[in-house]
Amino acid sequence: MDAGKVPNEVLDKIVLSKLNKIRKDIILRPGIGEDCAAIDFGDYACILSTDPITGAANDIGQLSVHISCNDIASCGVAPLGLMVTILCPVGTSEAELGKVMDQISETAAGLNVEIIGGHTEVTSAVNKIVISSTCIGKAPKNRVVSSRGAKPGDSVIITKSAGLEGTAIIANDLEHRISDKLSGEQLARAKSFMASISVVNEGVIAGEFGATAMHDITEGGVLGAAWEVAEASGTGIIIDKDKIPVDEVTALICESLELDVLKLISSGCMLITCKQGEELCRTLENNNIKATIIGSITADKNEKILISKKEGLLKVIEPPGADELYKVI
């Protein structure tokens with residue numbers, strides 16, 4: 001298999017098919033496009049999600065906090081605790097480990113999230129530092145949002161702009177590949193996107209507003225998230241390429257490296273479905289979060305379409321494959 005997430009058809013056949021439904025108090029289970037689990041604790045549900053960082057070299061401590069907290073936020077929930085496993089290759093210095101822990105501690109504190117446990121180990125099983133983080137949140141049981149709740153007629157909304165995380169990783173880890181294509185100011189702007197990776201604020205706001213489904217846009221980019229939400233919800237989806245916001249510096253980087261921005265890892269962007277899309281966008285904008293309606297949910301589960309009047313484009317959105325980032329790292 002190629003680098004990146006296991007393809008959805010393989011995941012479904014080899015992994016998900018082997019999971020047993022045993023406990024009645026598990027109210028949100030694994031599935032295609034679903035990143036969180038929820039456990040019934042009376043009036044409240046405990047929300048959990050876990051993720052590794054494998055595609056970045058710099059800022060991995062910061063990213064490890066954001067990716068797990070973002071998953072919890074996609075349930076409309078504020079994260080509260082984080083468990084972190086750090087695997088260091090043999091020869092890692094104390095200074096390197098210290099830098100990673102500083103990033104983890106500072107980023108978690110900025111989100112009002114406490115580090116509540118984990119594991120730290122030096123092992124020959126890895127050739128670079130690998131971090132896996134598990135995040136925990138809680139919410140009233142009747143207010144848990146999932147990736148599978150989209151309804152026909154819902155608007156499809158994206159926050160911020162496509163390719164945020166991919167842009168930041170490339171600018172910070174692969175500066176030598178793009179420095180001759182960007183001005184110093186543009187390169188600095190691309191690196192600064194690392195500060196916009198969190199979607200906790202929009203997740204909580206959209207959850208309180210009444211979003212029907214949310215999915216943070218990670219590997220596979222905007223199109224991957226769109227496909228997964230529609231697949232999880234048993235609906236169709238139409239995405240208008242012309243309406244997807246893409247920052248100028250992201251477009252320059254993707255053009256210079258021949259990457260498809262719509263399939264580039266985009267943590268920092270949330271895909272949201274909602275019946276009152278325009279009102280939710282205004283609510284998010286009033287909280288200084290850019291939000292754009294880029295499509296709609298349809299009833300036909302076989303209808304997953306990307307359209308563009310500018311390009312005369314009409315094509316099927318395919319299940320997500322390996323992220324574009326893996327072409328260059």
Q.
Counting only GluC sites (Glu not before Pro) that sit in a DSSP loop (anything but H, G, I, E, B) with at most 12 other Cβ atoms within 10 Å, what is the longest stretch of the chain containing none of them?
A. 1-257
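Of Lys263/Lys301; Lys5/Lys181; Lys243/Lys304, which sit over 23 Å apart, Cα to Cα? Walk me through the numbers before you get to the answer.
Details: Lys263/Lys301 21 Å; Lys5/Lys181 30 Å; Lys243/Lys304 16 Å.
Those over the limit are Lys5/Lys181.
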Q | Within-9-Å neighbourhood charge of Met270 [Cβ basis; K, R +1; D, E -1] | A | -1
Q: May I have the pair-distance distribution P(r) for the chain, computed from all Cα-Cα distances with 20 Å bins from 0 and rounded to whole percent?
A: 32, 60, 7
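Give the carbon-plus-sulfur fraction of the accessible surface of the chain in %, rounded to a whole number; probe 1.4 Å, heavy atoms of protein chains only. Don't jump to the answer; show the numbers that get you there.
Values: 7600 of 15320 Å².
About 50 percent, which is the carbon plus sulfur part of the accessible surface.
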Q) Roughly speaking, what is the centre-to-centre gap between segment 118-173 and segment 29-103 when only Cα atoms are used, to the nearest Å? A) 8 Å
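For segment 154-197, state which trypsin sites (Lys or Arg not before Pro) are in a DSSP loop and have at most 15 other beta carbons lying within 10 Å of their beta carbon.
Within segment 154-197, the qualifying trypsin sites (Lys or Arg not before Pro) (loop, at most 15 other Cβ atoms within 10 Å) are Lys181.
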Q | Residue with peak Gaussian network fluctuation, the chain [Cα springs, cutoff 10 Å], from Val145, Val222, Val113 | A | Val113
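Under the rule a/c < 1.5 gives rounded, and otherwise a/b versus b/c splits prolate from oblate, where does segment 96-237 land using the Cα gyration tensor?
Values: a/c = 1.96, a/b = 1.30, b/c = 1.50.
Oblate shape, in that a/c is at least 1.5 and b/c is the bigger or equal ratio.
Could you work out the mean projected area of the convex hull around the alpha carbons of segment 208-283, in square nanometres to one decimal?
Details: hull surface 22.9 nm².
Over all viewing directions, segment 208-283 projects a mean Cα-hull area of 5.7 nm².
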Q | Charge context of Ile60, other residues only, Cβ under 13 angstrom, K/R +1, D/E -1 | A | -4
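On average, how much accessible surface per residue is there in the chain, in Å², for a 1.4 Å probe, leaving out ligands, DNA and RNA? List each step's numbers first, then the result.
On the way: 15320 Å² over 329 residues.
On a per-residue basis, 47 Å².
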**Q.** Net charge of neighbours whose Cβ lies under 10 Å from the Cβ of Thr167, counting Lys and Arg as +1 and Asp and Glu as -1
**A.** 0
**Q.** Relative compactness, segment 32-177, computed as alpha-carbon Rg over 2.2 N^0.38 Å
**A.** 1.16
Q) Between Phe41 and Ser17, how many nm apart are label points set 7 Å from Cα along the C-beta direction? A) 3.5 nm
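Would you kindly calculate the translational diffusion coefficient of segment 244-328, applying Stokes-Einstein with the Kirkwood radius from alpha carbon pairs, for 25 °C and a viscosity of 0.890 mPa s, and quote it in µm² s⁻¹ without decimals? Can you show the working numbers first?
On the way: Rh = 15.2 Å.
The calculation lands on 161 µm²/s.
What 222 nm value per residue comes from the helices of the chain, counting each DSSP H run with n ≥ 4 as -39,500 (n - 2.57) and dividing by all residues, nearest 500 deg cm²/dmol? Can you show the working numbers first?
On the way: 9 runs with 97 residues, N = 329.
Here the helix-only value at 222 nm equals -9000 deg cm²/dmol.
The values are calculated or read from the model by the stated rules, or taken from the named source; none is laboratory data. All values derive from a computational prediction rather than experimental measurement. With ideal geometry, Cβ positions are generated from the backbone for all residues, glycine too; neighbour counts draw on all protein chains shown. For accessibility, only protein heavy atoms count, side chains too; no ligands or nucleic acids. Shrake-Rupley method; radii C 1.70, N 1.55, O 1.52, S 1.80 Å.
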